[in-house]
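Data block below; observations after.
The values are calculated or read from the model by the stated rules, or taken from the named source; none is laboratory data. Every value quoted in this text rests on a predicted model; they were computed, and no experiment measured them. For neighbour counting, all protein chains shown are included, and Cβ atoms are generated from backbone atoms with ideal geometry for every residue, glycine included. SASA here: full protein model, heavy atoms, side chains in, ligands and nucleic acids out. Shrake-Rupley method; radii C 1.70, N 1.55, O 1.52, S 1.80 Å.
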Amino acid sequence: MAYRKTPAEIRRLEAAREHLVACATSVVAEVGWAQASVTAVADAAGIAAGSVYQHFPSKAALAVEVFRRAAAREVTVIGGVLQAEGDPVGRLRRGVEVFARRALENRGLAHALLAAPADPKVAAERIDYRRRYHTLFAEVVHEGMAAGLLPKQNGEITAAALTGAIGEVLVGPLAAHDESATGELIAELTAMALRCAGAPAA
């Protein structure tokens, strides 16, 4: 008869896996993907390096899980802002502000999610999540056009421009850990995004 794990064992393994992912996320935020070795993650989690492979078959698999969870949290937050009720231009403004502020408050992790060199599997996940942001921006731009608040345009192109430009504006300050003029940076980035969508000046 095949051995079955008890509910208590399953809970213990799940808790250990969650702890490992949390520690790996912290290590990535501190040193980036390249330096987040299995040994470094294991040390942070207080376990032997070999124990990591009880939960993940490879470093790449662990990195993908870290990326997916962290990126999914951000998409959920920004999606909640962009898909809320009310003025679509106001939601676009607020979405860009929230994205930028969250990135600048957690610079190491934000840089890892946006631009830091990573395993090809993580890079593929990054492309997928960029598509998710693109979809969210396209929806709000189309709503703005339908409401007569934004000029007629190709909403997909505008969404692609927003997705790329927001990340590009942030990646330099994130990489440099430059904490000066954070409020000014957010204000300028938000104004740029609204100009890109054709929103009237405030």
Run the paramagnetic zone check for His19: 7 angstrom along Cα to Cβ, then residues of the range 44-65 with backbone nitrogen under 15 Å. 44-55
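Counting chymotrypsin sites (Phe, Trp or Tyr not before Pro) as exposed when in a DSSP loop with at most 15 other beta carbons within 10 Å, what is the longest stretch of the chain free of them?
My reading of the result: 54-202 is the longest stretch.
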Apply 1/(1 + (r/R0)^6) to the Cβ-Cβ distance of Ala60 and Ala165, taking R0 = 25 Å, and write down the FRET efficiency to the nearest 0.05. 0.25
Looks like the range 120-186, by Cα gyration tensor root eigenvalues a ≥ b ≥ c and the a/c under 1.5 rounded cutoff (else prolate when a/b is bigger than b/c, oblate otherwise), is oblate
Give the cross-link partners of Lys152 among the aspartates and glutamates, using a straight C-alpha distance below 18 Å as the criterion and excluding same-chain residues fewer than 8 apart. Asp87, Glu139, Glu143
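Full-extension gain between Ala124 and Glu30, please, as 0.36 nm times their residue separation minus the C-alpha to C-alpha distance.
Working: separation 94, 0.36 × 94 = 33.84 nm, distance 2.19 nm.
Working it through step by step, the gained length comes to 31.7 nm.
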As a test of reading the structure, rank Thr6, Thr158, Thr182 by solvent-accessible area (1.4 Å probe, protein chains only), most first. Thr6, Thr182, Thr158
Under a point-charge model restricted to the Cβ atoms of Lys and Arg (+1) and Asp and Glu (-1), what is the dipole moment magnitude of the chain relative to its Cα centre, in debye to the nearest 20? 600 debye
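Apply the a/c threshold of 1.5 to the C-alpha gyration tensor of the range 3-150 and tell me whether it is rounded, prolate or oblate. Please report the intermediate quantities before stating the final value.
On the way: a/c = 2.81, a/b = 2.08, b/c = 1.35.
Since a/c reaches 1.5 and a/b is larger than b/c, the shape of the range 3-150 is classed as prolate.
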